1. Suppose we filter the range 3-57 for residues that are buried (at least 16 other Cβ atoms within 10 Å of the Cβ), more than 17 Å from the chain's Cα centre (by Cα) and either at positive phi or hydroxyl-bearing (Ser, Thr, Tyr) (or both); how many remain?
2. Determine if the range 92-113 includes at least one residue that is open to solvent by 10 Å² or more (accessible area, probe 1.4 Å), among the hydrophobic types (A, V, I, L, M, F, W, C), closer than 22 Å to ASN3 by Cβ and outside any helix (DSSP H, G or I).
3. I want to confirm something. Restricting to the range 2-52 and keeping residues that are β-branched (Val, Ile, Thr) and part of a helix (DSSP H, G or I), which single residue is nearest to LEU91 (Cα to Cα)?
4. Determine which member of the set ALA48, ALA73 is modelled with pLDDT of 95 or more, hydrophobic (A, V, I, L, M, F, W, C) and out of contact with any Phe, Trp or Tyr (no Cβ under 8 Å at 6 or more places or on another chain).
5. Could you list, in sequence order, all residues of the range 166-210 that are surrounded by 21 or more Cβ atoms within 10 Å (Cβ to Cβ) and either part of a loop (DSSP other than H, G, I, E, B) or polar (S, T, N, Q) (or both)?
Amino acid sequence: MANLGFVGLGVMGSEMVLRLLEKGHTVTGFNRTRSKAERLIAKGMKFAATPREVAASANFVFSMVTNSAALEAIVEGPDGILAGLAAGKVLIDMSTVSPAFSRTVAAKVRGQGADMVDAPVSGSVVTLQEGKLSVMVGGRKETFDGIVALLRDVGPKVTYVGDNGLALVIKIACNLSLAVQMLAFSEGILLAEKSGIAREVAVEVLVNSAIASPMVKYRGPFVLKLPDEAWFNVNMMQKDMLLALELGRSLDVPMPTTAVTNEFLTSARGMGLVEEDFAVVFDVLASMSGVKR
């Protein structure tokens, strides 16, 4: 059992807190909108007024927010996480942000005598609920060794990648592939449908074929019906695609499929579909093909 903090109680963050509470840990949490934390409070989570209070009350502080700007907002300032950190504490940031910015935050954390790792995850809410989430970790090896058991309470597969920022690099590499796969899957479905094969039949065949990655199995059926609440919306996925393109430019790695898929996400935004799951790239391609959902 550990004394934990958690800042950022969105869809994934909330589910992680539930798992940590079920494992017997004490959790103090913060979210800008308290109403999103009510079900966690009912399960035993303590609620703090600021990220600083979370950091001051816990030995290990998790954070999971939407982007670099959001991470800066919860870390900096008189009420930020940095203000509540002390020697020996560890910040475990699970957000998907710029690797360079994450390294900057890690340097500030170490200036407080604490330490930080980047620990993004691979998987969806369903993956997390099924206990199949993967966690990638970047930071000092000795810090990783001290928290690996704790991270396994979140997901069973925990991999040390290397120095700070490198877990974020592999997470970005993973996410660009998710969107590219979804677009390719959509192409196959529409090719089959316009040839006269029922969409349901095409989905049934493809999600049980050689192309059926875990992502295809989970999201393939979304071409039949989108989820009521997006697992990972267009806005979030495009943020990661732009991080990938930025990284590719800095490393002189051409990213043609990422660039094309990113344009379909931009089209989804233009069609007013920004809050839908990124699987909505099917709708964009279907509209271009003269096919209705």
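1. 4
2. Scanning the range 92-113, I find no residue that is open to solvent by 10 Å² or more (accessible area, probe 1.4 Å), among the hydrophobic types (A, V, I, L, M, F, W, C), closer than 22 Å to ASN3 by Cβ and outside any helix (DSSP H, G or I), so the answer is no.
3. So in the range 2-52, the residues β-branched (Val, Ile, Thr) come out as 7, 11, 17, 26-28, 33, 41, 50.
Keeping just the survivors that are part of a helix (DSSP H, G or I) gives 11, 17, 41.
On the way: VAL11: 20, VAL17: 15, ILE41: 22 Å.
That would be VAL17.
4. On the way: ALA48 fails: out of contact with any Phe, Trp or Tyr (no Cβ under 8 Å at 6 or more places or on another chain).
Checking each option against the conditions leaves just ALA73.
5. Listed by number, the residues that qualify are ASN175, SER186.
Residue-wise test of (1) farther than 25 Å from ASN164 by Cβ; (2) touching a residue at least 40 places away in the same chain (Cβ under 8 Å); (3) touching a strand residue (DSSP E or B) at 6+ places or on another chain (Cβ under 8 Å).
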| residue | (1), (2), (3) |
| --- | --- |
| VAL27 | no, no, yes |
| ASN31 | yes, no, yes |
| GLY44 | yes, no, yes |
| ALA48 | yes, yes, yes |
| ALA69 | no, no, no |
| GLY77 | no, no, no |
| VAL105 | no, no, yes |
| VAL109 | no, no, yes |
| VAL121 | no, yes, yes |
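The values are calculated or read from the model by the stated rules, or taken from the named source; none is laboratory data. Just so it is clear, the model here is predicted, and its values are computed rather than measured. Cβ: placed from backbone, ideal geometry, glycine included. Neighbour counts: every protein chain shown. For accessibility, only protein heavy atoms count, side chains too; no ligands or nucleic acids. Shrake-Rupley method; radii C 1.70, N 1.55, O 1.52, S 1.80 Å.
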